[in-house]
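Quick notes on the structure that follows.
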Amino acid sequence: VQLAYLSLLALLSDWICFSVAAAPATYEAAYVGHSAANLIDIFLFTNVASCFLVTDTVRKFGLQNAIKSASALMAVGCLFRSGFGFLGPALSALGVTAAVTGGDVASAGANLVPYWSILTGTVLVGAAQPFFQCTPPLLSATWFASNERATSTAIALNFNQIGIATAFLIGGGMATSSDGLANYFSLITAACAAVTIGTFFQFENKPLSPPSTSEIEKLVRGEEEPPFIESVVKFFKTPGFVYPLSAFIMSISITNIVGTFIDDVMKRGGVTDQFSIDLAGAGFEFGILFGGIIIGGYVDKTKEYKSVTKACIIASMLFLVPLGLTEHAIGNEPILLVLALLGLGMTAGPIQPINAELAV
């Protein structure tokens, strides 16, 4: 249950982050002078800043309270982005306008909130997301046995990729007009509200009995997580820590950048139909998830963290070649680009959970 909720919260947070990536033209037509890429950048910058707060917050208030609070913050952020449009029919029956309109909205008839509200909501969700993306290793150690942790961490960490895939599949179909974009944001808010309510009722801090001997030993010793700064100093003094950290950063940089610019890459390669582009984007994100589960399961059994990471890095480099060639014929072959995109997802994605588990 805990893994399911953390995975769904991660899914929603990245769905929100990349919600306009599948329909940048619609967003930019509705909010003239504001690009979809800039909105994603603002989200990610807020995400990075908030990451520094996760360790101390969880240590002080516990995993349960931290996740519940972050889910509530994300729900409020969604409300800022959609207005009350997700209540739709009920508010209409009461004669209440479901959304706020403003001068920043190009179409006067569109049920969209003004840009400042979109921006505020994006910052709030960006601040909440690290609590879903930085805590999977802790959740795995608390709730799962040692031979299940890489797989459980892979599921929770990579479920955000399903959120990005959802953005392509649903956003590409719904956000074709200003009204469609408003309905799309409302759908996200309704989904977030439902998961947040479930989180408040069912998410728990820890099991009644520890799942592994290592967790039992921690309880016996009274071991607690040190403050964030102490943890950083300790980790960087640990021989070998910088290698899994570098691999993790490399992997997440690749997947986020490629995910953001899939539209450009596919069009350059001759894939111009929007639905086909959306399917390619969704395939890339699903590749990350399934690659993490399959390869993470193998690592759980063999404990071959280093060799598997090296193999994934080499394969990722090879798959990046056709995606990065802008002038060569190889970079203009539709089938080759799609296959390279899927292969990159399968090989670059698993590097994150494997090395997150190795680092801690």
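Just one residue in the set L138, L91, L79, L87 is modelled with pLDDT of 85 or more and farther than 22 Å from T176 by Cβ; that residue is L79.
Give me the residue from segment 5-32 that is open to solvent by 10 Å² or more (accessible area, probe 1.4 Å) and at pLDDT 85 or above and, out of that set, nearest to W116 (Cα to Cα). It comes out as V32. In the set (1) over 19 Å from M266 (Cα atoms); (2) surrounded by fewer than 23 Cβ atoms within 10 Å (Cβ to Cβ); (3) at pLDDT 75 or above, the condition left unmet by L342 is number (1). Taking the criterion of being under 25 Å from the mean Cα position of the chain (by Cα), open to solvent by less than 70 Å² (accessible area, probe 1.4 Å), more than 16 Å from A37 (Cα to Cα) and of a type in the set (A, V, I, L, M, F, W, C), the only residue of segment 255-275 that qualifies is M266.
Of the residues making up segment 191-201, at least one is of a type in the set (S, T, N, Q), in contact with a Ser or Thr (Cβ under 9 Å, 6 or more places away or on another chain) and either open to solvent by 30 Å² or more (accessible area, probe 1.4 Å) or at pLDDT 85 or above (or both).
Tell me, yes or no, whether segment 41-50 has at least one residue that is surrounded by fewer than 23 Cβ atoms within 10 Å (Cβ to Cβ), in a helix (DSSP H, G or I) and modelled with pLDDT under 85. No, the conditions are met nowhere in segment 41-50. Listed by first and then second residue, the pairs with beta-carbon distance under 9 Å, at least 6 apart or on different chains, first residue in segment 184-207 and farther than 14 Å from V125 by Cα and touching a residue at least 12 places away in the same chain (Cβ under 8 Å), second β-branched (V, I, T) and loosely packed, with under 15 Cβ neighbours inside 10 Å, are Q202/V1; F203/V1; E204/V1.
Filtered by the rule that a residue be part of a helix (DSSP H, G or I) and more than 29 Å from Y305 (Cα to Cα), segment 252-276 gives I262, D263, D264, V265, M266, K267, R268, Q274, F275, S276.
On inspection, E224 does not qualify as more than 26 Å from the chain's Cα centre (by Cα), crowded, with 18+ Cβ neighbours inside 10 Å, at pLDDT below 75 and not small (G, A, S). Contact map, segment 237-251: first residue within 13 Å of V308 (Cβ to Cβ), second residue of a type in the set (F, W, Y) and assigned to a helix (DSSP H, G or I), Cβ cut-off under 9 Å, separation 6 or more or different chains; pairs are P244/Y305. In the set (1) of a type in the set (S, T, N, Q); (2) assigned to a helix (DSSP H, G or I); (3) open to solvent by 50 Å² or more (accessible area, probe 1.4 Å), S152 fails one condition alone, (3).
The values are calculated or read from the model by the stated rules, or taken from the named source; none is laboratory data. Please read all numbers here as calculations on a predicted model, not as lab measurements. Every residue, glycine among them, receives a Cβ derived from its backbone with ideal geometry; neighbour counts consider all protein chains shown. Side chains included, ligands, DNA and RNA excluded: accessible areas come from the protein's heavy atoms. Shrake-Rupley method; radii C 1.70, N 1.55, O 1.52, S 1.80 Å.
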